[in-house]
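A.B. asks: Quick one: this structure, given as structure tokens, is what I'll be asking you about.
The values are calculated or read from the model by the stated rules, or taken from the named source; none is laboratory data. Small disclaimer: the values here were computed from a predicted structure and weren't measured. Quick reminder, even Gly has a Cβ in these numbers, built from the backbone with ideal geometry, and neighbours come from all protein chains shown.
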Amino acid sequence: MTSPNRTKAWLLAASMVAVAGLAAIGKPNTQAGMDVRAQVPLESIFPSQFDDWRLDPASSVFVRPAVDKAKQFQMYDQVLERTYINGQGQRLMLSVAYGRQQSVGLQMHRPEVCYRAGGFTVQGVTPTVIEVAGQALLVTHLQAHMDGRPEPITYWRLLGNGVVSDDSSFKFQQLSLGLRGQVLDGLLVRVSSIDQDTLGAHRLQARFADQMARAMDPPTRVRAFGVPPASSGLK
């Protein structure tokens, strides 16, 4: 008669064999779509001028906190940092980070994590939905504070062409894809401003995102904002 301990041992051994088999076939599989995306410079995706917005060269060093450590540890393949100004003198900072392989060990750092690591106080982390070019976009709102710098933030993340706003969902999809031998690329887009009025800043950021999306052709818009939630898939 087989003892319970021996049965557990056999089950553990079988599980280890299964995991080893999956690991053997589960090597990163670079998809055609990812190959194309990896070759496109971020500068060509996000317009430098649209609607009432244009680049503000005087603020070229303004966009800093969230990507410094990512650059230091070479977490991303491409990083784009810009400051835009409109006719009313309002400034918004855009930071975009692209990673060719968003594996479990190399996933995009959320701004709430990076800002805290940079010494900021972070609060009000809230998933929400804004409208860009007539489609819903899942984003996260938060506020960061340090040394008289109040910084309301809006950001969204893509895994492949799908928008993923929840971190647990992001990790689950990474794991499930890894078991199928797929490691997709990822894009993190952050829009922020120095502003005491958090609600007003988030409204301005949403309008900025909408105006930017409307200035893009449909394929480029999908690249920057993902496919609509109803039809989003990992491609």
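A.B. asks: Quick one: would you say residue 50 is at pLDDT 95 or above, surrounded by fewer than 19 Cβ atoms within 10 Å (Cβ to Cβ) and among the aromatic types (Phe, Trp, Tyr)?
C.D. replies: yes
A.B. asks: Collect the residues in segment 78-96 that are touching a helix residue (DSSP H, G or I) at 6+ places or on another chain (Cβ under 7 Å) and either at pLDDT 90 or above or outside any strand (DSSP E or B) (or both), keeping them in residue-number order.
C.D. replies: Scanning segment 78-96 gives 80, 83, 90, 91, 92, 96.
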